[in-house]
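The values are calculated or read from the model by the stated rules, or taken from the named source; none is laboratory data. All figures in this text were calculated on a predicted structure; none of them were measured in a lab. With ideal geometry, Cβ positions are generated from the backbone for all residues, glycine too; neighbour counts draw on all protein chains shown. These area figures cover heavy atoms from the full protein model, side chains too; ligands, DNA and RNA do not enter into them. Shrake-Rupley method; radii C 1.70, N 1.55, O 1.52, S 1.80 Å.
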Amino acid sequence: MPLPLYLLALVVFAMGTSEFMLAGLLPDIASDLDVSVGTAGTLTSAFAIGMIISAPLVGALARNWPARGSLLWFVLVFSAAHAMGAITTSFVVLFVTRVVAAVANAGFLAVALTTAAELVPPGRKGRALAVLLSGTTVATIAGVPGGSLLGTMLGWRATFWAVAVVCLPAALGVLMGIAPRPGQSDEADGPALRSEIEQLRSPRLILVMLLGALVNAATFGSFTFLAPIVTDGAGMTRPWISVVLVLFGAGSFVGVTLAGRLSDQRPGLVIAVGGPLLLIGWPALALLAENQIALLTLAFVQGALSFAVGSTLITRVLYEAAGAPTMAGAYATAALNVGAAVGPLIAAVTLGPVGNRGPLWASGFLVLVALLAAFPLRSAMAAARSHEVLQ
């Protein structure tokens, strides 16, 4: 894989740390800013909603901008938003900074996904996406637990400062690793924006976006509220939150790495095997959460299955949106974050009536909906090519 892919992954690491880190910081943020844990959880949804709305808009605006300049500015804005979040004493201001950071993150991912696909041969998009998403999985292994530990020792604001600082060498990596490339000022060089938007009429593209959103909703719904599951559900001490996050992140790294080798040619294998196992895993974790060994084991397994299935579906978005070369990354980003927005909201609703295991049951339900949605539509597409989604 080309070196620039790994430099882009470094930025995704910093952004992934920010997107996931609230899982270990929600109780402290809620206490410091005098809001409930459920309300603090909306910060994750705010980030995701900002990405959903801004991904296609920023993608459309940036489609003719120079890639390196766009990526650099997105990283710098992202860093500044975290610096502001670190000093505010207002939950509303913190909420706004999360939205601003989300816009920058969405813009970066929209351009980075397209850039990554252009750096490799057409048949290796899955491998390229796996490298890019490895930044996210490493964030769950090292960045998020490290942020949780830093937050425990120095307060949650220190974690926000850390993300802001990590963005600076990441920005340098973009500046040095991505070759200058002029924007496409002439629409004749590629499809018109209207033509790219019309790709959204494709039932196959809508299908994989829907399934990707549902699986990601299940992932974010439980991941966001892992902290109370560890401390209240399993009765473990706060340092164990970081351990569980590391295990989930390690599983996600294994899952996305294995899926990257299969998602180009055998996506159906990943989905057909991983989907049902994912459906079984979330309720199993809900039932066995009090068992510490089961919790630690299933955290790893569910991380692997969630990212294997989820990254495969997002890879299929890039394939199905091949007729929209400059907007495909925006569509993939939107699909990824529709789930990231909806999942924590659904999970937060279950906390009251069901308790701290509610998010796990909600995740199982979301995966069930994905599987039920997939099979009828698969039958309608029985004539599809064998290498395409759900074969």
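Most tightly packed first, judged by the mean number of other beta-carbon atoms within 10 Å of their residues, the peptides 253-259, 292-298 read 253-259, 292-298.
For Ser202 and Val273 in the same chain, what is the full-extension length gain: residue separation times 0.36 nm, less their Cα-Cα distance, in nm? The partial results should precede the final answer.
Details: separation 71, 0.36 × 71 = 25.56 nm, distance 2.58 nm.
Extra length from Ser202 to Val273 when fully extended: 23.0 nm.
Overall size of the stretch 1-115 from C-alpha positions, given as principal axis extents largest first: 45, 27, 21 Å. For the stretch 47-92 versus the stretch 302-351, the inter-centroid distance based on Cα atoms is 18 Å. Using the Cβ-Cβ distance between Ile293 and Leu61 with R0 set to 56 Å, the FRET efficiency from 1/(1 + (r/R0)^6) comes to roughly 0.65. Per-residue surface analysis assigns Val165 an accessible area of about 90 Å², computed on protein heavy atoms at 1.4 Å probe radius.
What would the Debye equation give as log₁₀ I(q)/I(0) for the stretch 335-374 at q = 0.16 Å⁻¹, counting only Cα atoms as equal point scatterers? Evaluating at q = 0.16 Å⁻¹ gives log10 I(q)/I(0) of -0.40. Calculated from the alpha-carbon coordinates, the stretch 291-367 shows an Rg and a Dmax of 15.6, 49 Å respectively.
Projecting the alpha carbon convex hull of the stretch 213-284 along each direction and taking the average yields 5.2 nm². Inter-label distance, Ala83 to Met176: 2.1 nm, where each label sits 7 Å from its Cα along the C-beta direction. The overall shape of the stretch 250-339 is prolate: from the C-alpha gyration tensor, with semi-axes ordered a ≥ b ≥ c, the ratio a/c is 1.5 or greater and a/b exceeds b/c.
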